[in-house]
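To start, the structure under review is shown below, and the notes come after it.
The values are calculated or read from the model by the stated rules, or taken from the named source; none is laboratory data. Quick caveat: nothing in here was measured; it's all calculated off a predicted structure. Note that each Cβ is placed from the backbone with ideal geometry, even for glycine, and that neighbours are counted across all protein chains shown. The area values use the complete protein model at the heavy-atom level, side chains included, leaving out ligands, DNA and RNA. Shrake-Rupley method; radii C 1.70, N 1.55, O 1.52, S 1.80 Å.
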Amino acid sequence: MAELSQAEYLANFNWKSFEDGIDSLDEQNLREFEDLVTKTFISTNEEDVVEGTVVRITDREAIIDINAKSEGVISLNEFRYNPSLKVGDKVDVLIDIREDKTGQLVLSHRKARTIKAWDRVIAAQESGEIVNGFVKCRTKGGMIVDVFGIEAFLPGSQIDVKPIRDYDQYVNKNMEFKVVKINHEFKNIVVSHKALIEADIEVQKKEIIGQLQKGQVLEGVVKNITSYGVFIDLGGVDGLIHITDLSWSRINHPNEVLELDQKLNVVILDFDDEKTRIQLGLKQLSAHPWDALSKDLKVGDKVKGKIVVIADYGAFIEVAEGVEGLIHVSEMSWSTHLRSAQDFVKVGDEVEAVILTLDRDDRKMSLGIKQLTPDPWTNIASKYPVGSTHTGIVRNFTNFGVFVELEMGIDGLIYISDLSWTKKIKHPSDFVNVGDKLEVTVLELDVDGRKLSLGHKQTTVNPWDKYETEFALGKVHNGEISEIVDKGATVEFGEDIVAFIPTRYLEKADGTKLKKGDKADFVVIEFNKEFKRVVASHTSTFKEEEAKNVKAAVEAATSAANERTTLGDNEALAGLKEKMDAKKK
């Protein structure tokens with residue numbers, strides 16, 4: 001008799017007779033039965049993922065046969081991804097609860113899928129296998145992707161080789177990925193779509209790099225725009241167009257010329273030995289604007305243009321697209337007080353200028369604006385002759401004088417010694433302020449050197465001419481001690497005369513000395529017109545000896561003056577006699 005199979009044996013076995021004790025089993029049959037059960041039914045103590053069969057579906061659950069001693073149940077919620085589940089389908093399950101309160105075996109399809117998915121993800125990373133995933137939604141820095149039922153992170157930088165500006169276009173799409181990183185501790189998975197693209201373009205990249213030549217024109221796509229230039233995708237190889245190579249005209253930012261994803265032709269200017277740094281040009285594909293500049297343009301011609309750049313030393317004016325000329329600050333105005341170009345023009349101004357120099361070979365042009373108006377130094381001698389008096393505006397100071405503007409472009413210098421006849425001025429700011437109007441007299445005129453020497457005190461009569469008589473030696477004046485100074489004191493006689501009193505001449509008749517605020521008579525014992533110096537004495541007003549000394553000094557001074565006069569006359573007569581004798585001979 002042929003041996004029955006396990007299935008046939010179990011099907012034909014009379015379980016009721018066995019349970020009722022009607023049929024008994026011998027020891028051998030019992031061992032065979034136990035072996036058969038062990039081989040047929042799986043152990044519910046193990047936590048392996050097993051395959052089960054859907055045997056029945058209720059409103060809320062799926063009944064699964066896993067060849068165990070009892071059937072298991074799984075909530076239909078775990079099959080939401082598979083709405084077409086039906087009886088007979090094979091599904092992976094994991095024993096979740098070996099026996100619930102009703103004695104039912106509870107299974108988990110979700111956990112089984114997760115375990116299986118992790119095994120597949122790990123295997124995909126190790127083998128480099130391409131996996132399919134579903135982009136579920138956006139998240140900070142990238143996208144969430146469903147891979148084998150597990151959520152993986154797709155960084156924004158790993159979506160494509162070019163920067164992505166619209167992430168939403170990828171949501172709810174199926175895409176291929178490579179598993180690039182797994183964190184087993186935190187159960188994190190990172191995938192990349194860019195890695196697949198890079199692998200595809202690597203071959204193209206090698207082909208392109210191998211054929212690169214300087215001067216070669218290629219088609220590319222604007223990949224990224226920065227403040228210093230534009231990156232161009234040449235088909236897997238990136239090149240940079242520096243901002244200066246975008247246009248012959250000056251531009252402030254590359255986005256004034258190009259936009260993202262724009263297709264364009266570029267020329268290869270240079271590259272390194274490995275051809276990894278490729279320098280591209282765009283403006284080189286068109287003729288240089290200087291070559292198209294009119295041949296009739298010459299020095300002295302007037303041109304119009306727009307101010308494009310301003311520096312302290314001048315401004316650049318674009319007279320034609322890509323053709324610029326420099327207006328130096330000294331050529332902007334006849335005024336010598338224009339310190340910076342910003343004082344005269346600003347970017348965007350439309351101006352007219354005269355061509356001063358033109359070098360077509362070096363592509364340089366210098367321009368001037370002040371040449372559009374007459375030079376104020378023309379006929380300067382007739383407008384400002386020496387000795388003439390005018391009113392000007394104080395423009396600035398130096399330690400040695402004041403610059404006064406008589407009109408735009410005409411400045412003169414007043415030396416500090418020519419500001420006042422009487423006041424001792426340490427700095428011009430002690431006498432006048434910038435912006436003040438000041439009356440001046442022309443002292444010297446240097447037409448070739450374009451220099452004017454001016455004086456302010458010369459606009460009034462020199463008071464020291466009259467003081468020479470009024471404060472002659474021996475004259476007595478009454479005054480008040482205004483200040484006690486080193487080695488003496490000072491007395492103010494009117495507005496302009498400040499006399500110095502040596503300490504020994506401060507003594508009074510009672511033997512004490514004058515102090516600040518005391519009023520008394522003073523005798524002039526020294527007068528120096530050239531150095532504007534007056535020295536006086538109070539003691540000499542009451543001491544006979546001191547008075548004699550003053551009188552002697554006056555007589556000596558008078559005698560010396562007469563002697564100088566006589567000597568001068570004698571010398572003049574002697575000179576005249578010599579001239580007459582020379583004529584006779």
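Could you please give the count of residues in the stretch 47-84 that are out of contact with any Phe, Trp or Tyr (no Cβ under 9 Å at 6 or more places or on another chain), open to solvent by 90 Å² or more (accessible area, probe 1.4 Å) and among the charged types (D, E, K, R)?
Adding up the residues that qualify gives 7.
Restricting the search to the stretch 310-356, which residues are under 21 Å from Pro289 (Cα atoms), part of a strand (DSSP E or B) and open to solvent by 70 Å² or more (accessible area, probe 1.4 Å)?
Glu350, Glu352
For the stretch 198-238, what are the residues that are hydroxyl-bearing (Ser, Thr, Tyr) and open to solvent by 70 Å² or more (accessible area, probe 1.4 Å)? Reasoning before the result, please.
Residues of the stretch 198-238 hydroxyl-bearing (Ser, Thr, Tyr): 226-228.
Matches in the stretch 198-238: Ser227, Tyr228.
When you go through (1) modelled with pLDDT of 90 or more; (2) touching a Phe, Trp or Tyr at 6+ places or on another chain (Cβ under 6 Å); (3) more than 22 Å from Ala472 (Cβ to Cβ) one by one for Val535, which number turns out not to apply?
Among (1) modelled with pLDDT of 90 or more; (2) touching a Phe, Trp or Tyr at 6+ places or on another chain (Cβ under 6 Å); (3) more than 22 Å from Ala472 (Cβ to Cβ), the lone unmet condition for Val535 is (3).
Give me the pairs, please: first residue somewhere in the stretch 484-513 and on the phi < 0 side of the Ramachandran plot and assigned to a helix (DSSP H, G or I), second residue anywhere and modelled with pLDDT under 85 and open to solvent by less than 30 Å² (accessible area, probe 1.4 Å), beta-carbon distance under 6 Å, and either six or more positions apart or on two chains.
none
What pairs come out if I take residues in the stretch 136-159 that are free of Cβ contacts under 8 Å to residues at least 12 places away in the same chain and pair them with residues that are open to solvent by less than 60 Å² (accessible area, probe 1.4 Å) whose C-beta lies under 7 Å away, six or more apart or interchain?
Ile144/Cys137
If you go through the stretch 453-466 one residue at a time, how many are of a type in the set (A, V, I, L, M) and either modelled with pLDDT under 90 or on the phi > 0 side of the Ramachandran plot (or both)?
1
So, in the stretch 239-292, of the ones that are over 20 Å from Glu321 (Cα atoms) and modelled with pLDDT under 85, which residue ends up most open to solvent (accessible area, probe 1.4 Å)?
Arg277
Out of everything in the stretch 513-545 that is charged (D, E, K, R) and either crowded, with 19+ Cβ neighbours inside 10 Å or within 60 Å of the chain's Cα centre (by Cα) (or both), what residue ends up being farthest from Phe471 (Cα to Cα)?
Only one residue fits best here, namely Glu530.
Any residue in the stretch 193-215 that is within 30 Å of Ile115 (Cβ to Cβ), at pLDDT 85 or above and either outside any strand (DSSP E or B) or β-branched (Val, Ile, Thr) (or both)?
Yes, the conditions are met somewhere in the stretch 193-215.
Please state which one of Val434, Val440 is out of contact with any Pro (no Cβ under 8 Å at 6 or more places or on another chain) and surrounded by 17 or more Cβ atoms within 10 Å (Cβ to Cβ). Working first, answer last.
On the way: Val434 fails: surrounded by 17 or more Cβ atoms within 10 Å (Cβ to Cβ).
None of the others qualify; the one that does is Val440.
Which of the numbered conditions does Val485 fail, given that it passes all the others? Conditions: (1) in contact with an Asp or Glu (Cβ under 8 Å, 6 or more places away or on another chain); (2) at pLDDT 85 or above; (3) exposed (fewer than 15 other Cβ atoms within 10 Å of the Cβ).
For Val485, the failing item is (1).
So if I check each of Val180, Val147, Val171, which one is open to solvent by less than 50 Å² (accessible area, probe 1.4 Å), at pLDDT 85 or above and within 28 Å of Asn224 (Cβ to Cβ)?
Val171
If you scan the stretch 85-122, which residues turn out to be in a strand (DSSP E or B), modelled with pLDDT of 75 or more and open to solvent by less than 80 Å² (accessible area, probe 1.4 Å)?
Of all residues in the stretch 85-122, those in a strand (DSSP E or B) come to 90-97, 105-108.
Filter again for modelled with pLDDT of 75 or more, leaving 90-95, 105-108.
Once the filter is applied, which keeps residues that are in a strand (DSSP E or B), modelled with pLDDT of 75 or more and open to solvent by less than 80 Å² (accessible area, probe 1.4 Å), the stretch 85-122 yields Val91, Asp92, Val93, Leu94, Ile95, Leu105, Val106, Leu107, Ser108.
Among Leu297, Leu280, which is the only one that is under 22 Å from Pro254 (Cβ atoms) and hydrophobic (A, V, I, L, M, F, W, C)?
Sole residue among the options that is under 22 Å from Pro254 (Cβ atoms) and hydrophobic (A, V, I, L, M, F, W, C): Leu280.
Would you please list the contacts, defined by Cβ atoms under 6 Å and residues six or more apart or on different chains, that run from a residue in the stretch 229-254 that is touching a residue at least 40 places away in the same chain (Cβ under 8 Å) and closer than 17 Å to Arg277 by Cβ to a residue that is assigned to a loop (DSSP other than H, G, I, E, B) and open to solvent by 20 Å² or more (accessible area, probe 1.4 Å)?
From residues that are touching a residue at least 40 places away in the same chain (Cβ under 8 Å) and closer than 17 Å to Arg277 by Cβ, the pairs are Ile241/Leu282.
Just one of (1) touching a strand residue (DSSP E or B) at 6+ places or on another chain (Cβ under 6 Å); (2) more than 19 Å from Lys162 (Cβ to Cβ) trips up Gln262, so point out which.
(2)
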